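Q: Starting off with a structure, shown below.
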Amino acid sequence: FHEKFFLDSDFGQWRNHFKFGPKNLNLYELVGVKYLLASLSFADEYLVDREDIQFVQKPSENKVGVIELVRPNLGNFSPVNALVADNLRQTYQILSTINLRSDVVLLDDPKMILQAARESKMTIVDGDIRVVAESAGDSVLVLPFEFSSCINFEEKSEKSNFIRAELANGLLTAVFFSKNLDLTISYRLGLFENQDCRLKDLELYRSITEGF
């Protein structure tokens, strides 16, 4: 995902020190990025159509400054249009053309009419993630972290109607629910819990990248 959408050939890459480029600011927002280091030349080229994005710390000559993405995905992206892709290649092709706030790319038809969540909130509690949301019907939240078999989902209230979670947009976690959601999301991997979860992730990745 990062190689396709974030790595920039104009920057030299060294071992595990990656320099990302501004290929698509909407995708940075999708994965929850709020601040970027950028030059004035970057602003001239990429911020022309984004009046909502400004430097919060302007760069001095030949240096970089800080820009703020004012609408990052903090658990509040709730798409209503589900597009189905057969594999990762199709997913990436579709991602480059859609509205990432209203559209989501899945591997299967969700078989439900999606409505945008009225409100949603994502917080960190004791190292885990808690997501609380409300909707008038069936909804999906695209959360800004990698989908994995190592993730556990635990409902925290009786009125919570968590349906399922699955891969969204080739990388992220989609959580489906009906009307109310109160969910604790934890990542567990170790000798005595979820020992084979990363192998399951590898199986999924291989199944959607065959011939890619």
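Q: Could you state, as a whole-number percent, how many of the C-alpha pairs of the chain are farther apart than 32 Å?
A: Details: 5109 of 22366 pairs.
For the chain, the fraction of Cα-Cα distances above 32 Å is 23 percent.
Q: Just going by the charge dipole of the chain, with Lys and Arg at +1 and Asp and Glu at -1 on Cβ, which of PHE20, SER60, ALA133 is farthest out on the positive end?
A: It is SER60, whose Cα lies furthest towards the positive end.
Q: On to the next question. Return the calculated 222 nm mean residue ellipticity for the chain, to the nearest 500 deg cm²/dmol, obtained by summing -39500 (n - 2.57) across DSSP H runs with n ≥ 4 and dividing by the residue count. If you can, show how the numbers build up before the last one.
A: Working: 5 runs with 37 residues, N = 212.
Result for the chain: -4500 deg cm²/dmol, rounded to the nearest 500.
Q: To continue, here is another question. Any idea of the accessible area per residue across the chain, 1.4 Å probe, to the nearest Å²?
A: Here the residues of the chain average 59 Å² of exposed surface.
Q: From the phi of every residue in region 174-182, what ³J(HN,Hα) in whole Hz does the Karplus formula 6.51 cos²θ - 1.76 cosθ + 1.60 yield, where θ is phi - 60° and glycine or proline is x?
A: These are the phi-based 3J(HN,Hα) values: 9, 10, 9, 8, 10, 6, 9, 9, 9 Hz.
Q: So, one more: Decide, for region 146-185, between rounded, prolate and oblate: order the square roots of the alpha carbon gyration tensor eigenvalues as a ≥ b ≥ c, take rounded if a/c falls under 1.5, and otherwise choose prolate if a/b is larger than b/c, else oblate.
A: Working: a/c = 3.36, a/b = 1.75, b/c = 1.92.
Taking the square roots of the gyration eigenvalues as a ≥ b ≥ c, region 146-185 is oblate.
Q: Something else now. Compute the acute angle (0 to 90°) between the alpha-carbon long axis of helix 197-208 and the principal axis of greatest extent of the alpha-carbon atoms of the chain; round to the nearest 10°.
A: Helix 197-208 sits roughly 70 degrees off the main axis of the chain.
Q: Give me the mean projected area, in nm² to one decimal, of the convex hull enclosing the Cα positions of region 91-212. Can you show the working numbers first?
A: On the way: hull surface 34.0 nm².
For region 91-212, averaging the hull's shadow over all directions gives 8.5 nm².
Q: Could I ask something else about it? How far is it, in nm, from the label point at ASP128 to the one at ASN81 when both lie 7 Å from their Cα along the line to the Cβ?
A: Rounded to a tenth, the inter-label distance reads 3.6 nm.
Q: Using a Gaussian network for the chain with springs between C-alpha atoms less than 10 Å apart, which of these wobbles most: VAL31, VAL84, VAL56?
A: VAL56
Q: Please list the non-local residues whose amide H lies under 5 Å from the amide H of ASN24, H modeled 1.01 Å from N, same-chain partners needing a gap of 5 or more.
A: Result for ASN24 returns nothing.
Q: Suppose we flag trypsin sites (Lys or Arg not before Pro) only when DSSP calls them loop and at most 15 other Cβ atoms lie within 10 Å. Which is the longest uninterrupted stretch of the chain? Spell out each step's value before the answer.
A: On the way: sites that count: ARG15, LYS19, LYS23, LYS34, ARG50, LYS63, LYS111, ARG118, LYS156, LYS159, ARG188.
So the longest stretch without any such site is 64-110.
Q: Ignoring any ligand, DNA or RNA, what whole percent of the accessible area of the chain comes from carbon and sulfur when the probe is 1.4 angstrom?
A: Values: 6050 of 12550 Å².
Ligands and nucleic acids excluded, carbon and sulfur give 48 percent.
Q: Check LEU172: other-chain or 5+ apart residues with amide H under 5 Å from its amide H, H built from backbone geometry?
A: Close amide H contacts, sequence-distant or interchain: PHE147.
Q: Moving on. Pairs LYS156/LYS200; LYS4/LYS34; LYS111/LYS179; LYS4/LYS63; LYS111/LYS156: which are spaced more than 23 Å apart, C-alpha to C-alpha? Provide the component values of the computation, followed by the final result.
A: On the way: LYS156/LYS200 26 Å; LYS4/LYS34 20 Å; LYS111/LYS179 16 Å; LYS4/LYS63 26 Å; LYS111/LYS156 26 Å.
Listed pairs above 23 Å: LYS156/LYS200; LYS4/LYS63; LYS111/LYS156.
Q: Counting DSSP beta bridges with both partners in the chain, what percentage is antiparallel, nearest 5?
A: On the way: 41 of 45 bridges.
Approximately 90 percent, going by the DSSP bridge assignments.
Q: Could you check the spin-label model distance between ASN26 and SER39? Points 7 Å from the Cα along Cα→Cβ, value in nm.
A: 2.7 nm
Q: Please turn the phi angles of region 79-88 into ³J(HN,Hα) values with the Karplus equation 6.51 cos²θ - 1.76 cosθ + 1.60 (θ = phi - 60°), one per residue in order, whole Hz, x for glycine and proline.
A: 3J(HN,Hα) across region 79-88, in whole Hz: x, 10, 10, 9, 10, 9, 10, 7, 7, 5.
The values are calculated or read from the model by the stated rules, or taken from the named source; none is laboratory data. In this text, all values refer to a predicted model and were calculated from it rather than measured experimentally. Note that we place each Cβ from the backbone using ideal geometry, even for glycine, and neighbour counts take in every protein chain shown. Protein only, heavy atoms only, side chains kept; ligands, DNA and RNA dropped before computing areas. Shrake-Rupley method; radii C 1.70, N 1.55, O 1.52, S 1.80 Å.
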